[in-house]
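Heads up: the structure comes next, in C-alpha coordinates.
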Amino acid sequence: MELRHIETFLKIAELKSFTKAADELCITQPTVSKQIVDLERFFDVRLIDRTKRTVTLTKAGEILLQYAIDIINLKKDTIDAIASFRGLKKGKMTLGASTIPGIYIMPRLLSAFKKSYGGISFELVVSDTKDIIEKMENGLLDVGMVGAKNETSKIDFKKLIDDTIVFIAPPDFPDTLTLAQLEDCPLIARERGSGTRNTLEASLMKLKDFRERGLSIVAELSDNEAIKQAVMNGMGMAYVSRIAVAGEISAGALKEVRIQGLPEIKRSFFTITRKGKTILPHVKVLMEIIDKWRKHEKA
(Lines give C-alpha, C1' and ligand atoms only; values in the text may rest on other atoms or scores of the structure.)
Protein backbone atom coordinates (compact mmCIF):
# COMPACT_ATOMS: atom_id res chain seq x y z
CA MET A 1 0.00 0.00 0.00
CA GLU A 2 1.40 3.36 -1.04
CA LEU A 3 0.19 6.89 -0.37
CA ARG A 4 -0.45 7.47 -4.08
CA HIS A 5 -2.82 4.49 -4.09
CA ILE A 6 -4.71 6.01 -1.17
CA GLU A 7 -4.84 9.42 -2.86
CA THR A 8 -6.22 7.84 -6.04
CA PHE A 9 -8.80 5.87 -4.08
CA LEU A 10 -9.97 9.07 -2.34
CA LYS A 11 -10.27 10.95 -5.61
CA ILE A 12 -12.40 8.17 -7.12
CA ALA A 13 -14.61 8.14 -4.03
CA GLU A 14 -15.04 11.91 -4.34
CA LEU A 15 -15.69 12.12 -8.10
CA LYS A 16 -17.44 8.74 -8.59
CA SER A 17 -15.44 8.27 -11.78
CA PHE A 18 -12.14 6.67 -12.81
CA THR A 19 -11.90 9.00 -15.81
CA LYS A 20 -12.45 12.20 -13.81
CA ALA A 21 -10.03 11.02 -11.14
CA ALA A 22 -7.36 10.40 -13.78
CA ASP A 23 -7.89 13.88 -15.27
CA GLU A 24 -7.66 15.62 -11.90
CA LEU A 25 -4.60 13.64 -10.82
CA CYS A 26 -2.95 14.17 -14.24
CA ILE A 27 -2.36 10.45 -14.80
CA THR A 28 -3.81 7.98 -17.29
CA GLN A 29 -6.97 5.99 -16.65
CA PRO A 30 -5.11 2.65 -16.94
CA THR A 31 -2.76 3.89 -14.19
CA VAL A 32 -5.76 4.72 -11.99
CA SER A 33 -7.25 1.29 -12.61
CA LYS A 34 -3.95 -0.47 -11.86
CA GLN A 35 -3.50 1.41 -8.58
CA ILE A 36 -6.97 0.35 -7.42
CA VAL A 37 -6.28 -3.26 -8.46
CA ASP A 38 -3.00 -3.13 -6.50
CA LEU A 39 -4.85 -1.76 -3.49
CA GLU A 40 -7.49 -4.49 -3.68
CA ARG A 41 -4.79 -7.15 -3.95
CA PHE A 42 -3.04 -5.68 -0.93
CA PHE A 43 -6.21 -5.88 1.20
CA ASP A 44 -7.44 -9.05 -0.55
CA VAL A 45 -10.94 -7.59 -0.85
CA ARG A 46 -12.93 -5.67 -3.44
CA LEU A 47 -13.08 -1.97 -2.61
CA ILE A 48 -15.00 -0.49 -5.55
CA ASP A 49 -17.87 -1.81 -7.63
CA ARG A 50 -17.70 -0.34 -11.11
CA THR A 51 -19.86 -0.61 -14.19
CA LYS A 52 -19.96 1.46 -17.36
CA ARG A 53 -22.28 3.95 -15.65
CA THR A 54 -21.65 3.83 -11.92
CA VAL A 55 -18.80 3.70 -9.43
CA THR A 56 -19.70 2.85 -5.83
CA LEU A 57 -17.73 1.84 -2.78
CA THR A 58 -18.21 -1.61 -1.31
CA LYS A 59 -18.62 -2.03 2.46
CA ALA A 60 -14.87 -2.61 2.67
CA GLY A 61 -14.33 0.51 0.57
CA GLU A 62 -16.45 2.58 2.95
CA ILE A 63 -14.31 1.38 5.87
CA LEU A 64 -11.11 2.26 4.01
CA LEU A 65 -12.50 5.69 3.11
CA GLN A 66 -12.63 6.80 6.76
CA TYR A 67 -9.02 5.76 7.37
CA ALA A 68 -7.85 7.10 4.00
CA ILE A 69 -9.09 10.60 4.88
CA ASP A 70 -7.10 10.51 8.12
CA ILE A 71 -3.99 9.15 6.37
CA ILE A 72 -3.91 11.93 3.76
CA ASN A 73 -4.72 14.61 6.34
CA LEU A 74 -1.86 13.32 8.48
CA LYS A 75 0.47 13.52 5.49
CA LYS A 76 -0.47 17.18 4.96
CA ASP A 77 -0.12 18.00 8.66
CA THR A 78 3.29 16.32 8.77
CA ILE A 79 4.61 18.28 5.79
CA ASP A 80 3.30 21.58 7.21
CA ALA A 81 4.64 20.88 10.71
CA ILE A 82 8.16 20.11 9.46
CA ALA A 83 8.07 23.19 7.20
CA SER A 84 7.14 25.34 10.20
CA PHE A 85 9.93 23.77 12.27
CA ARG A 86 12.42 24.71 9.56
CA GLY A 87 11.13 28.27 9.60
CA LEU A 88 9.62 28.07 6.12
CA LYS A 89 6.57 30.27 5.61
CA LYS A 90 5.20 27.88 3.05
CA GLY A 91 2.27 25.53 2.97
CA LYS A 92 -1.41 25.46 2.22
CA MET A 93 -4.59 25.91 4.24
CA THR A 94 -7.99 24.60 3.27
CA LEU A 95 -10.78 26.77 4.59
CA GLY A 96 -14.53 26.41 4.44
CA ALA A 97 -17.37 28.86 5.01
CA SER A 98 -21.10 29.04 4.57
CA THR A 99 -22.34 31.65 2.15
CA ILE A 100 -22.49 34.81 4.29
CA PRO A 101 -19.11 34.53 6.03
CA GLY A 102 -17.57 33.08 2.87
CA ILE A 103 -18.50 36.14 0.81
CA TYR A 104 -18.73 39.02 3.28
CA ILE A 105 -16.35 38.15 6.17
CA MET A 106 -13.64 35.66 5.21
CA PRO A 107 -12.09 37.62 2.28
CA ARG A 108 -11.15 40.63 4.45
CA LEU A 109 -9.64 38.34 7.09
CA LEU A 110 -7.62 36.43 4.52
CA SER A 111 -6.29 39.72 3.17
CA ALA A 112 -4.97 40.56 6.65
CA PHE A 113 -3.54 37.05 6.98
CA LYS A 114 -1.59 37.29 3.71
CA LYS A 115 0.27 40.33 5.05
CA SER A 116 1.76 38.11 7.78
CA TYR A 117 2.10 34.83 5.89
CA GLY A 118 2.48 35.76 2.24
CA GLY A 119 4.01 32.38 1.39
CA ILE A 120 0.99 30.39 2.56
CA SER A 121 -1.56 29.58 -0.11
CA PHE A 122 -5.13 28.71 0.70
CA GLU A 123 -8.24 27.22 -0.81
CA LEU A 124 -11.62 28.61 0.29
CA VAL A 125 -14.64 26.34 -0.12
CA VAL A 126 -17.96 28.23 0.03
CA SER A 127 -21.00 26.01 0.51
CA ASP A 128 -24.00 25.64 2.82
CA THR A 129 -23.59 25.12 6.56
CA LYS A 130 -24.43 21.41 6.44
CA ASP A 131 -21.77 20.69 3.82
CA ILE A 132 -19.06 22.72 5.59
CA ILE A 133 -19.71 20.91 8.87
CA GLU A 134 -19.53 17.53 7.12
CA LYS A 135 -16.23 18.48 5.47
CA MET A 136 -14.84 19.56 8.84
CA GLU A 137 -15.99 16.29 10.45
CA ASN A 138 -14.11 14.40 7.73
CA GLY A 139 -10.94 16.38 8.41
CA LEU A 140 -10.94 18.11 5.02
CA LEU A 141 -10.76 21.68 6.39
CA ASP A 142 -8.35 23.51 8.70
CA VAL A 143 -10.76 26.28 9.73
CA GLY A 144 -14.42 26.91 8.95
CA MET A 145 -17.18 29.48 9.46
CA VAL A 146 -20.83 28.46 9.60
CA GLY A 147 -24.24 29.92 10.43
CA ALA A 148 -25.51 27.22 12.80
CA LYS A 149 -24.37 24.61 15.33
CA ASN A 150 -25.27 20.94 15.40
CA GLU A 151 -24.82 18.16 17.92
CA THR A 152 -21.62 16.70 16.47
CA SER A 153 -18.98 15.67 18.98
CA LYS A 154 -16.16 16.01 16.43
CA ILE A 155 -16.12 19.81 16.13
CA ASP A 156 -15.34 22.77 18.38
CA PHE A 157 -17.69 25.72 17.78
CA LYS A 158 -16.67 29.25 18.83
CA LYS A 159 -19.09 32.15 18.49
CA LEU A 160 -17.91 34.68 15.92
CA ILE A 161 -20.60 37.36 15.47
CA ASP A 162 -24.37 37.86 15.75
CA ASP A 163 -26.56 38.44 12.72
CA THR A 164 -30.21 39.20 11.96
CA ILE A 165 -32.30 37.64 9.19
CA VAL A 166 -34.48 40.22 7.45
CA PHE A 167 -37.14 40.18 4.75
CA ILE A 168 -36.39 42.32 1.72
CA ALA A 169 -38.53 43.64 -1.11
CA PRO A 170 -38.36 46.29 -3.87
CA PRO A 171 -38.38 49.94 -2.70
CA ASP A 172 -42.08 50.48 -3.55
CA PHE A 173 -43.22 47.56 -1.37
CA PRO A 174 -45.23 48.17 1.86
CA ASP A 175 -43.18 48.69 5.00
CA THR A 176 -45.00 45.98 6.96
CA LEU A 177 -46.88 42.72 6.29
CA THR A 178 -48.92 40.39 8.47
CA LEU A 179 -48.04 36.71 8.75
CA ALA A 180 -51.11 35.88 6.65
CA GLN A 181 -49.91 38.25 3.91
CA LEU A 182 -46.44 36.72 4.11
CA GLU A 183 -47.88 33.25 3.40
CA ASP A 184 -49.50 34.57 0.20
CA CYS A 185 -46.49 36.59 -0.98
CA PRO A 186 -44.17 35.04 -3.60
CA LEU A 187 -41.02 34.16 -1.69
CA ILE A 188 -37.48 33.49 -2.88
CA ALA A 189 -35.97 30.96 -0.47
CA ARG A 190 -32.45 29.82 0.29
CA GLU A 191 -31.59 26.20 -0.51
CA ARG A 192 -32.25 23.45 2.02
CA GLY A 193 -29.24 22.97 4.28
CA SER A 194 -28.62 26.72 4.41
CA GLY A 195 -28.14 28.10 7.93
CA THR A 196 -30.28 31.11 6.99
CA ARG A 197 -33.18 28.90 5.93
CA ASN A 198 -32.87 26.60 8.94
CA THR A 199 -32.95 29.57 11.33
CA LEU A 200 -35.97 31.16 9.63
CA GLU A 201 -37.99 27.93 9.56
CA ALA A 202 -37.18 27.21 13.20
CA SER A 203 -38.47 30.67 14.17
CA LEU A 204 -41.64 30.36 12.09
CA MET A 205 -42.45 26.91 13.45
CA LYS A 206 -42.57 28.35 16.98
CA LEU A 207 -45.58 30.49 15.99
CA LYS A 208 -48.93 28.82 16.65
CA ASP A 209 -50.67 30.44 13.68
CA PHE A 210 -47.97 29.69 11.16
CA ARG A 211 -48.51 27.02 8.50
CA GLU A 212 -45.29 26.16 6.67
CA ARG A 213 -47.28 24.82 3.72
CA GLY A 214 -48.75 28.32 3.31
CA LEU A 215 -45.47 29.85 2.16
CA SER A 216 -45.54 30.51 -1.56
CA ILE A 217 -41.96 29.67 -2.54
CA VAL A 218 -41.40 30.56 -6.18
CA ALA A 219 -37.65 29.87 -6.33
CA GLU A 220 -34.78 28.40 -4.31
CA LEU A 221 -31.41 30.09 -4.82
CA SER A 222 -28.08 29.38 -3.16
CA ASP A 223 -26.41 32.68 -4.06
CA ASN A 224 -27.25 35.85 -2.10
CA GLU A 225 -26.30 38.17 -4.96
CA ALA A 226 -28.70 36.28 -7.24
CA ILE A 227 -31.42 36.56 -4.58
CA LYS A 228 -30.94 40.31 -4.30
CA GLN A 229 -31.09 40.73 -8.08
CA ALA A 230 -34.25 38.60 -8.26
CA VAL A 231 -35.94 40.81 -5.65
CA MET A 232 -34.84 44.01 -7.39
CA ASN A 233 -36.38 42.69 -10.60
CA GLY A 234 -39.75 42.03 -8.98
CA MET A 235 -39.70 38.24 -8.66
CA GLY A 236 -40.88 38.43 -5.04
CA MET A 237 -39.71 38.92 -1.46
CA ALA A 238 -36.78 37.14 0.11
CA TYR A 239 -35.10 36.63 3.46
CA VAL A 240 -31.39 37.25 3.81
CA SER A 241 -28.68 38.11 6.30
CA ARG A 242 -28.64 41.79 7.23
CA ILE A 243 -24.87 41.65 6.73
CA ALA A 244 -25.39 40.68 3.10
CA VAL A 245 -27.91 43.37 2.25
CA ALA A 246 -26.88 46.37 4.37
CA GLY A 247 -25.39 48.24 1.39
CA GLU A 248 -28.44 47.88 -0.85
CA ILE A 249 -30.82 48.97 1.93
CA SER A 250 -28.69 52.05 2.69
CA ALA A 251 -28.64 52.94 -1.03
CA GLY A 252 -32.42 52.55 -1.34
CA ALA A 253 -32.17 49.73 -3.87
CA LEU A 254 -34.02 47.37 -1.53
CA LYS A 255 -36.37 47.75 1.42
CA GLU A 256 -36.42 45.87 4.70
CA VAL A 257 -39.99 44.75 5.41
CA ARG A 258 -41.22 44.13 8.96
CA ILE A 259 -43.50 41.12 9.52
CA GLN A 260 -46.11 41.82 12.21
CA GLY A 261 -46.21 39.11 14.85
CA LEU A 262 -42.80 37.74 13.90
CA PRO A 263 -40.08 38.48 16.47
CA GLU A 264 -36.66 39.61 15.26
CA ILE A 265 -34.82 36.55 13.98
CA LYS A 266 -31.34 36.41 15.45
CA ARG A 267 -28.62 33.88 14.72
CA SER A 268 -24.89 33.62 15.21
CA PHE A 269 -21.96 32.69 13.04
CA PHE A 270 -19.33 30.35 14.45
CA THR A 271 -15.73 29.49 13.68
CA ILE A 272 -15.18 25.73 13.68
CA THR A 273 -12.17 23.45 14.03
CA ARG A 274 -11.96 19.68 14.25
CA LYS A 275 -11.33 18.26 17.71
CA GLY A 276 -8.02 16.44 17.97
CA LYS A 277 -6.61 17.93 14.76
CA THR A 278 -3.18 19.52 15.13
CA ILE A 279 -3.40 23.29 14.77
CA LEU A 280 -0.36 24.40 12.77
CA PRO A 281 1.40 27.75 13.35
CA HIS A 282 -0.01 29.55 10.31
CA VAL A 283 -3.50 28.29 11.18
CA LYS A 284 -3.03 29.76 14.66
CA VAL A 285 -2.12 33.11 13.05
CA LEU A 286 -5.39 33.08 11.10
CA MET A 287 -7.36 32.16 14.24
CA GLU A 288 -5.76 35.12 16.07
CA ILE A 289 -6.73 37.46 13.21
CA ILE A 290 -10.30 36.15 13.34
CA ASP A 291 -10.43 36.66 17.11
CA LYS A 292 -9.16 40.26 16.85
CA TRP A 293 -11.78 41.01 14.18
CA ARG A 294 -14.50 39.47 16.36
CA LYS A 295 -13.56 41.67 19.33
CA HIS A 296 -13.47 44.76 17.11
CA GLU A 297 -16.92 44.06 15.64
CA LYS A 298 -18.36 43.34 19.08
CA ALA A 299 -17.03 46.65 20.37
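The values are calculated or read from the model by the stated rules, or taken from the named source; none is laboratory data. Quantities reported herein were computed from a predicted structural model and do not represent experimental measurements. Cβ atoms come from the backbone with ideal geometry, glycine included; neighbour counts cover every protein chain shown.
Here are the numbers:
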read-out	value
Leading residue by the ranking (surrounded by the most Cβ atoms within 10 Å (Cβ to Cβ)) among those in region 86-142 that are closer than 15 Å to V285 by Cα and among the small types (G, A, S)	G91
Residue list for region 111-129, restricted to those being under 21 Å from E225 (Cα atoms) and among the aliphatic types (A, V, I, L, M)	L124, V125, V126
Lone qualifier among D80, D70 - being surrounded by 17 or more Cβ atoms within 10 Å (Cβ to Cβ) and acidic (D, E)	D80
Residue list for region 138-171, filter: part of a strand (DSSP E or B) and among the hydrophobic types (A, V, I, L, M, F, W, C)	V143, M145, V146, I155, F157, L160, I161, I165, V166, F167, I168, A169
Long-range neighbours under 9 Å by Cβ, at least six apart or interchain, first residue free of Cβ contacts under 8 Å to residues at least 40 places away in the same chain and over 16 Å from V231 (Cβ atoms) within region 170-189, second hydrophobic (A, V, I, L, M, F, W, C) and crowded, with 16+ Cβ neighbours inside 10 Å	Q181/I259; E183/F210; E183/L215
Among (1) in contact with a Phe, Trp or Tyr (Cβ under 8 Å, 6 or more places away or on another chain); (2) surrounded by fewer than 12 Cβ atoms within 10 Å (Cβ to Cβ), the one test that R50 misses	(2)
Single residue of R41, R53 found to be part of a loop (DSSP other than H, G, I, E, B) and either farther than 28 Å from P281 by Cα or of a type outside the set (A, V, I, L, M, F, W, C) (or both)	R53
Residue identified as exposed (fewer than 14 other Cβ atoms within 10 Å of the Cβ) and at pLDDT 90 or above among E212, E248, E225	E225
Considering residues of region 108-152 that are polar (S, T, N, Q) and in contact (Cβ under 8 Å) with a residue 12 or more places away in the chain only, the residue nearest to N73 (Cα to Cα)	N138
For I188: the one exception among (1) surrounded by fewer than 16 Cβ atoms within 10 Å (Cβ to Cβ); (2) under 19 Å from T99 (Cβ atoms)	(1)
Residue among L95, L110, L124 that is in a strand (DSSP E or B), at pLDDT 90 or above and in contact with a Phe, Trp or Tyr (Cβ under 7 Å, 6 or more places away or on another chain)	L95
